[in-house]
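Taking it in order: structure first as structure tokens, then the write-up.
The values are calculated or read from the model by the stated rules, or taken from the named source; none is laboratory data. As the structure is a computational prediction, the values presented were derived from the model and not from experiment. Positions of Cβ are generated from backbone atoms using ideal geometry, with glycine treated the same way; all protein chains shown enter the neighbour counts.
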Amino acid sequence: MSQALIDLVREKFPEAVVSSHSHRGDEVVTVRRENLVEVIGFLRNDPQTDLKLLRQIAGVDLLTYKTEMTGGAALASIEAPAYDMQRKPRVEPRYYVSYNLYSITKHHSLRVRVELRSDDVKVPSITSLYRTADWWERYVYDMFGVEFTGHPNLTRILMYPEFQGFPLRKDYPVRKRQPLVPELDFPDLVRGPGPGPGGAGVPMSQTHVGRQNVDPSTYD
Amino acid sequence: MDYLSPYIPILVLLLITGVLCTAIGVLATVLGPKRITAIKETAFECGSPTTGDPHARHSVKFYLVALLFIVFDIESVFIYPWGALLRDLHGEGLGWFAYFEMLSFMATLALGLVYVWRKGALEFNL
Amino acid sequence: MSDHRLPVLKPEGNVPESPRIGGDENTIPVLATRLEESIGFFEKNLSNALGWARKNSIFQYPFVTACCGMEYMSAMAGRYDIARFGAEFPRFSPRQADLLMIVGTINVKQTPVLKRVYDQMTEPKWVMAFGVCASSGGFYDNYATVQGADRVIPVDVYVPGCPPRPEQVLDGLKILQDKIQHQRHRAMSKEVAPDVHLDVAAQRRLQKNRSFLGKLLGK
Amino acid sequence: MTESGLPDTDPLALEAEIPTSPMTVNLGPSHPAMHGTVRLVVTLDGETIVEAIPEIGFLHRGFSKSSENSTWHQVLPYTDRLNYVSPILNNTGYIMGVEKLIGLKPTERAEYLRVLGGEISRICDHLTCIGAIGLELGAFTTFLYAMEARELLWDRIAELCGARVTVSWTRIGGVATDMPAGWEEHLRGCLPRVLELTNEVDTLLTRNRIFVDRTRGIGVLSGDEAIDWGFTGPCLRATGVNYDVRKAHPYSVYDRMDFEIPLGTRGDTYDRYVLRLEEIRQSHRIILQCLDQMPPGPIIIDDWRYALPPKKEVFGSIEGVMAHFKLIMEGMQVPAGEVYVYTEGANGELGFHIVSNGKGKPYAIQVRGPGFPILSALPRLIKGHAVADLIPIFDSINMIGGEVEQ
């Protein structure tokens, strides 16, 4: 039903549309980065499309899309990063940001997508069009490191400022913690000899029950 | 001694409350363990380090509200004993005199209320 | 008595043991066997009395963050009423709280807050890790979650469950109460941390041992 | 002093407003009204809120990263913990996303069971929110009534799904457990009591002079501004905009259910409260219709590429063992693609943006928590109000840490 939307966008901005496809009933149009704001502005303000509700701005890192090995969580490597940049070739375009628009009056929706190369991770911000874009763009910046040029205050929203790196990138290992308060480092009692932050293979008897950092006087 | 006897229960009451309060106070300070540390001395602001200085100057309307409350609260404090004794005074023929006495007292305070009302101290616009 | 007691280690083979403080023979917790013989009669009774008083009037600071908060509400509400154990009154200021209940996941951004709230709690204080996430990080083994609150602050009682049923919470509270009862509570124990810069009057008060009246009037 | 040497007796000098400096207060994460996960740095001028800066992320548990390292089936327990007040709605939302990716339709009975469980969960969510609004305005009894009603429903959910809060009940192509014997009578028996307790809360709060004064006319937002802020669900319907995913795009068997969508008029805190109360009654109607139209039949599809084979088969036949092993060790091989599926969660439109690369693990999942955009509008809602109004406004948007910070 909203195949018309894609044709409308193609006809209005022929040079902006890179590609478009429809999968399981969702229409997605990939747009060039330069006229992203223009396209979304048109989609929002044009009475015919009236896509006033910006549901979500989602980011995806396509680094291991092809080569991701199969296998459940048990087989996943725990400490080593999922993707080793040096040994494996780079993937281009690496990220894409998808803007999910919906129209309450017309009951149709469209997803506008922008693909980014790994060395130039910048997208023009659309906070001028939607006020809700402010937090969503901060979320995508916080998780993927995508710079939204023109954003009023592009800072981390979920992670703490001292956090280095962008967690949802595929080359960020799952368990790499950057503690704020000096954590008492004792091996994973629950998981037994598996590779925990405290090192593997510590026999159960030497693990303690979380009481190491208490001076006995307070526990008289 | 007999005219004092009705006050004995009050005396016992005061005694018990006095003993109880001091006992709780002293026991709490004596028995409670104290570990004075630097962080414990600082103010608690929901687990975050305190921002801004607490001695910022407040607007004067809060002080006005407190003042007005005290004025009219004291007035009601004087009315209670008067109300309790009005019947006995009426018995001794002083009823009307006491009534007008209290009326004049309330009138002066009503004057104060009118002044405050006109001055606009009662409109508490945040 | 409930059967989840720790097995009792006979201190010296078959030598008859020292008389127990309260409770029958097989409930001596392992930790306190040696201790009881060393303290005098008056301290023992005072410690017992204080332990009894403190265990039955625990004021809790509910450090609620995540899904365990829902079960915390059930434990506080009418049906599984925690008030029956004296721990009903939530105090949202660490000054007036005895028990810090860490209800829910502690993520790395929350640790400074948790540490600060714990440090600002006045003694005697205990900590209950309510739920698996507070006890061991639960199944959030990733960059964002601290693998158990005891990596940041010492924890007394771990209540398993994700979220624990209210009965488990009450059982955890029961275990904590047993621990408080058998703990040694001293009177007049005061320590000042070295990094505290007290003003002159407070220092004078602390160092010189003055007459009772002097102490009373705080001169 | 004026040049004539006399003190400048400006008659209005005494009346001049004394300059006061604004005070910044920290409603930090560990605060009863902030649900433990939001830090609000509020700048006050006397009692009026001049500016508020929310800071979130205190319950960010890495849902996306953890789900990228678990199989499609293992992600289910993570979805319970998103909006942990109404877990079945999250499960249904996620599983419908995976089924949309596969292009698979669950069995008829499973559809009805999902709607039934979802509506019970929705009532629990609204009860908790109403209880919290009452509690934080001082009405402790309404909180206890709401909690008692929720306990009754949680018992039914525990009998149906095995757990009270974190149920992980739906499966790809169906649900995990069927209704136990006698469960329907139990549910029909306890629903009138739940409605009676809800009416009790209604009579205590809705026409209560203090409650109305505290909530009427604060936190007002107009319809199109709410859309611009990304509002959905009760907070959007309170402004009069009629958008409910169950009616706009009926999924599952909602098209066979007959229920209305309550709409507010002014979009203030009072409307958001009354709306949730009314939605409890609508959900109650849906539950009854679900029970009446419940068809017999299997509760999960028989296609072993996606659904776990029944235990009798797993221990009985070699195909069962092979299917079970493949599904557990390598996860369901969901065909590659990118899909966005949206259902009506308790606080609004709950969307899952799922990307699959054809392997056993989801490649990327990003949740559109309905509370995330609503919380971003909080400074706009509370600016200019008194500090005391901040609490009811924050409660009426029903911010759940799990779904906002994933």
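Please indicate, with yes or no, whether at least one residue in segment A:8-16 is outside any loop (DSSP other than H, G, I, E, B) and among the acidic types (Asp, Glu). Checking segment A:8-16: at least one residue is outside any loop (DSSP other than H, G, I, E, B) and among the acidic types (Asp, Glu). Going through (1) in contact with a strand residue (DSSP E or B) (Cβ under 8 Å, 6 or more places away or on another chain); (2) modelled with pLDDT under 90 one by one, A:Asp120 falls short only on (1).
Taken over segment D:151-182, the criterion of being in contact with a Lys or Arg (Cβ under 9 Å, 6 or more places away or on another chain) and either surrounded by fewer than 14 Cβ atoms within 10 Å (Cβ to Cβ) or charged (D, E, K, R) (or both) is satisfied by D:Glu151, D:Asp155, D:Arg164, D:Asp178.
Name the residue that is farthest from the other protein chains (Cβ to nearest Cβ), counting only residues in segment D:323-333 that are crowded, with 19+ Cβ neighbours inside 10 Å and of a type in the set (A, V, I, L, M, F, W, C). Working first, answer last.
The initial filter retains those residues of segment D:323-333 that are crowded, with 19+ Cβ neighbours inside 10 Å, namely D:323, D:327, D:331-332.
Cutting the leftovers down to of a type in the set (A, V, I, L, M, F, W, C) gives us D:323, D:327, D:332.
On the way: D:Ala323: 15, D:Leu327: 9, D:Met332: 10 Å.
Residue satisfying both the conditions and the ranking: D:Ala323.
Here is the figure for segment C:102-129: residues that are within 15 Å of D:His31 (Cβ to Cβ) and among the hydrophobic types (A, V, I, L, M, F, W, C) total 4. Based on this model, can you work out whether D:Glu148 counts as of a type in the set (Asp, Glu), under 22 Å from D:Thr206 (Cβ atoms) and within 14 Å of another protein chain (Cβ to nearest Cβ)? Yes, satisfied.
Just checking, which of C:Ser47, C:Ser57, C:Ser38 is over 30 Å from D:His35 (Cα atoms), at pLDDT 85 or above and of a type outside the set (Asp, Glu)? Result of the check over C:Ser47, C:Ser57, C:Ser38: C:Ser47.
Among the helices (runs of 4 or more DSSP H) contained in segment D:65-172, which hold 3 or more residues that are under 30 Å from A:Asp171 (Cβ atoms)? First the steps, then the outcome.
Details: elements: D:76-80, D:87-102, D:108-136, D:140-161.
Counting at least 3 such residues, we get D:76-80, D:87-102.
Name every residue in segment D:331-385 that is hydroxyl-bearing (Ser, Thr, Tyr) and assigned to a strand (DSSP E or B), in order of residue number. The answer is D:Tyr340, D:Tyr342, D:Thr343, D:Ser356, D:Tyr363. For B:Asp53, the requirement of being at pLDDT 90 or above and either surrounded by 13 or more Cβ atoms within 10 Å (Cβ to Cβ) or within 30 Å of D:Asp45 (Cα to Cα) (or both) is not met.
Against the numbered list (1) of a type in the set (Phe, Trp, Tyr); (2) more than 30 Å from D:Leu104 (Cβ to Cβ); (3) within 21 Å of the chain's Cα centre (by Cα), D:Phe140 comes up short only at (3).
Pull up segment B:29-47, narrow it to residues that are within 14 Å of chain D (Cβ to nearest Cβ) and crowded, with 17+ Cβ neighbours inside 10 Å, then point me to the one that is nearest to C:Pro194 (Cα to Cα).
Within segment B:29-47, the subset within 14 Å of chain D (Cβ to nearest Cβ) is B:42-47.
Then keep just the ones that are crowded, with 17+ Cβ neighbours inside 10 Å; that gives B:44-47.
Values: B:Phe44: 21, B:Glu45: 24, B:Cys46: 25, B:Gly47: 23 Å.
So the residue we want is B:Phe44.
Go through D:Gly320, D:Gly358, D:Gly384, D:Gly316 for me and flag whichever is free of Cβ contacts under 8 Å to residues at least 24 places away in the same chain, over 26 Å from the mean Cα position of the chain (by Cα) and surrounded by fewer than 16 Cβ atoms within 10 Å (Cβ to Cβ). Steps first, please.
On the way: D:Gly320 fails: surrounded by fewer than 16 Cβ atoms within 10 Å (Cβ to Cβ); D:Gly358 fails: free of Cβ contacts under 8 Å to residues at least 24 places away in the same chain; D:Gly384 fails: free of Cβ contacts under 8 Å to residues at least 24 places away in the same chain.
When all the criteria are applied, what remains is D:Gly316.
Selection of segment A:123-168 for residues being more than 10 Å from chain D (Cβ to nearest Cβ) and of a type in the set (D, E, K, R) yields A:Glu137, A:Glu147, A:Glu162. D:Gly189 falls short on exactly one of the conditions (1) without any contact (Cβ under 8 Å) to a residue 40 or more places away in the chain; (2) in contact with a Lys or Arg (Cβ under 8 Å, 6 or more places away or on another chain); (3) closer than 24 Å to D:Asp292 by Cα; (4) not acidic (Asp, Glu), and that condition is (2).
Test B:Leu86 against the stated conditions and say whether it is over 30 Å from C:Val117 (Cα atoms), surrounded by 14 or more Cβ atoms within 10 Å (Cβ to Cβ) and in contact (Cβ under 8 Å) with a residue 12 or more places away in the chain. Yes.
Quick test for you: out of D:Arg272, D:Arg256, D:Arg276, pick the one residue that is more than 13 Å from chain A (Cβ to nearest Cβ), basic (Lys, Arg) and more than 17 Å from the chain's Cα centre (by Cα).
Being more than 13 Å from chain A (Cβ to nearest Cβ), basic (Lys, Arg) and more than 17 Å from the chain's Cα centre (by Cα) holds for just one of D:Arg272, D:Arg256, D:Arg276, which is D:Arg256.
Taken over segment C:132-171, the criterion of being more than 10 Å from chain A (Cβ to nearest Cβ), buried (at least 23 other Cβ atoms within 10 Å of the Cβ) and outside any loop (DSSP other than H, G, I, E, B) is satisfied by C:Cys133, C:Ala134, C:Val159, C:Val169. Report the residue count in segment D:12-64 for those that are among the β-branched types (Val, Ile, Thr), assigned to a loop (DSSP other than H, G, I, E, B) and surrounded by fewer than 19 Cβ atoms within 10 Å (Cβ to Cβ). The total comes to 2.
Just to be sure, is B:Val71 loosely packed, with under 12 Cβ neighbours inside 10 Å, in a helix (DSSP H, G or I), more than 14 Å from chain D (Cβ to nearest Cβ) and of a type in the set (Val, Ile, Thr)?
Numbers: loosely packed, with under 12 Cβ neighbours inside 10 Å: no; in a helix (DSSP H, G or I): yes; more than 14 Å from chain D (Cβ to nearest Cβ): yes; of a type in the set (Val, Ile, Thr): yes.
So B:Val71 does not fit the description; no.
Of the residues examined, A:Thr127 is one that is surrounded by 19 or more Cβ atoms within 10 Å (Cβ to Cβ) and among the polar types (S, T, N, Q).
Residues in segment D:334-355 that are over 16 Å from the mean Cα position of the chain (by Cα) and either within 7 Å of another protein chain (Cβ to nearest Cβ) or small (Gly, Ala, Ser) (or both): D:Ala336, D:Gly337, D:Glu338, D:Val339, D:Tyr340, D:His353, D:Val355.
Here segment D:228-253 is the region considered, the condition is being over 18 Å from the mean Cα position of the chain (by Cα), aliphatic (A, V, I, L, M) and closer than 21 Å to A:Gln56 by Cα, and the residue that is surrounded by the fewest Cβ atoms within 10 Å (Cβ to Cβ) is D:Ala248.
Being among the β-branched types (Val, Ile, Thr), assigned to a loop (DSSP other than H, G, I, E, B) and more than 7 Å from every other protein chain (Cβ to nearest Cβ) is the filter here; which residues of segment C:91-121 pass it? Reasoning before the result, please.
Our first condition is that a residue be among the β-branched types (Val, Ile, Thr); within segment C:91-121, this holds for C:102-103, C:105-106, C:108, C:111, C:113, C:117.
If we keep only those that are assigned to a loop (DSSP other than H, G, I, E, B) too, we end up with C:105-106.
Matches in segment C:91-121: C:Ile106 only.
Pairs meeting the criteria (first residue in segment B:21-38 and assigned to a helix (DSSP H, G or I), second residue exposed (fewer than 10 other Cβ atoms within 10 Å of the Cβ) and modelled with pLDDT under 85, beta carbons under 7 Å, at least 6 apart or on different chains) are B:Ala38/C:Asp195.
Kindly indicate whether D:Arg276 is part of a helix (DSSP H, G or I) and either modelled with pLDDT under 95 or touching a His at 6+ places or on another chain (Cβ under 7 Å) (or both). It would help to see each step written out before you state the result.
Numbers: part of a helix (DSSP H, G or I): yes; either modelled with pLDDT under 95 or touching a His at 6+ places or on another chain (Cβ under 7 Å) (or both): yes.
The answer is yes for D:Arg276.
When C:Phe85 is tested against the conditions (1) facing another protein chain (nearest Cβ under 9 Å); (2) under 17 Å from the mean Cα position of the chain (by Cα); (3) not polar (S, T, N, Q), the lone failure is (1).
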